[in-house]
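Since the structure comes first, as structure tokens, the remarks are kept for the end.
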Amino acid sequence: MNLKLSKPLAFFDLETTGLNIATDRIVEISIVKIMPNGDKEIKTKLINPTIPIPQEVSLVHGITNEDVKDKATFKEVAHELYQFIDGCDLAGYNSNRFDVPLLAEEFLRAEIDFDVSKRNLIDVQNIFHKMEKRTLSAAYKFYCGKELIDAHSAEADTTATFEILDAQVAKYDELKADAKFLGEFSQMTKNVDLLGRIVYNKDGVEVFNFGKHKGKAVVEILEKEPGYYAWMMNGDFPLYTKKVLTAIRLKSKL
């Protein structure tokens, strides 16, 4: 193994009911936990999303409503999954923009205070796009010399993602093998929340990254327009974004 880990690194992939972070749900999760000594633990679960899986989505990942109707809900397995990744950095493919935010939503809905601030988040797709600009199947072929069989199976995609990252570290001299460097390198923006609705500017100040207040300091806007906080809290924003916004507001004693 080329990676040099100081703590476990959990690669994970989600299959879901759709692409909306705030409203869609997980139907399958696979986690491949890599220990610092190279040992591997795998946990894969089908999840009852409690909402219908659209037919067009089932055609992509092959999981139907019938497949999950008798499975546990995310809330029922949340503590087990949380324990499994406790103390781990997180990695995936397109994970910073989708998998990590959606996983955080599910944990928060299950009343588990999932916080990523002390975890390195490694997005293998971002590293790939910075280096080569390809898709997951092409990345697997390019770095590992293998065809990706069972693409869109959570476990196959997750295992391939681990192998790709390990090969990336071996291929590029500029990539350090530790999770902290890889987490920082695979960030496209320095997000405060998970979806980049709030980001840090060049001075390390939390600023809004959308809408009419894009680029403006969060604290400044909440002070001038107290109603903006209520608008966001009542709006269709992810729970993790609302959690971060509230933390900034409390920290500033507004």
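The values are calculated or read from the model by the stated rules, or taken from the named source; none is laboratory data. Since this is a predicted model, take the numbers as computed values, not measurements. Don't worry about glycine lacking a Cβ; one is built from the backbone with ideal geometry, like all the others, and counts go over all protein chains shown.
Let's see how each residue does on (1) in the same structural domain as residue 90 (by TED's automatic domain parsing); (2) in a helix (DSSP H, G or I); (3) charged (D, E, K, R):
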position	(1), (2), (3)
162	yes, yes, no
169	yes, yes, no
177	yes, no, no
180	yes, yes, yes
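Checking each residue in the range 147-191 for being among the aromatic types (Phe, Trp, Tyr) and closer than 29 Å to residue 60 by Cβ picks out only 162.
Any residue that is exposed (fewer than 15 other Cβ atoms within 10 Å of the Cβ), modelled with pLDDT under 95, more than 21 Å from residue 10 (Cα to Cα) and β-branched (Val, Ile, Thr) - is there at least one of those in the range 136-151? Checking the range 136-151: at least one residue is exposed (fewer than 15 other Cβ atoms within 10 Å of the Cβ), modelled with pLDDT under 95, more than 21 Å from residue 10 (Cα to Cα) and β-branched (Val, Ile, Thr).
Out of all the residues in the range 47-68, is one or more in contact with a strand residue (DSSP E or B) (Cβ under 8 Å, 6 or more places away or on another chain), under 26 Å from residue 118 (Cα atoms) and buried (at least 16 other Cβ atoms within 10 Å of the Cβ)?
no
Close contacts from the range 122-143, counting a first residue that is of a type in the set (Lys, Arg) and a second that is crowded, with 22+ Cβ neighbours inside 10 Å and assigned to a loop (DSSP other than H, G, I, E, B), with Cβ to Cβ under 7 Å and a gap of 6+ residues or different chains, come to none at all. Scanning the range 73-100 for residues that are surrounded by fewer than 17 Cβ atoms within 10 Å (Cβ to Cβ) and at positive phi yields one hit, 87.
Right, residue 103: buried (at least 21 other Cβ atoms within 10 Å of the Cβ), in contact (Cβ under 8 Å) with a residue 12 or more places away in the chain, outside the structural domain of residue 234 (by TED's automatic domain parsing) and not β-branched (Val, Ile, Thr) or not? Even if it seems obvious, please write down each step before you answer.
Details: buried (at least 21 other Cβ atoms within 10 Å of the Cβ): yes; in contact (Cβ under 8 Å) with a residue 12 or more places away in the chain: yes; outside the structural domain of residue 234 (by TED's automatic domain parsing): yes; not β-branched (Val, Ile, Thr): yes.
When the stated conditions are applied, residue 103 passes them.
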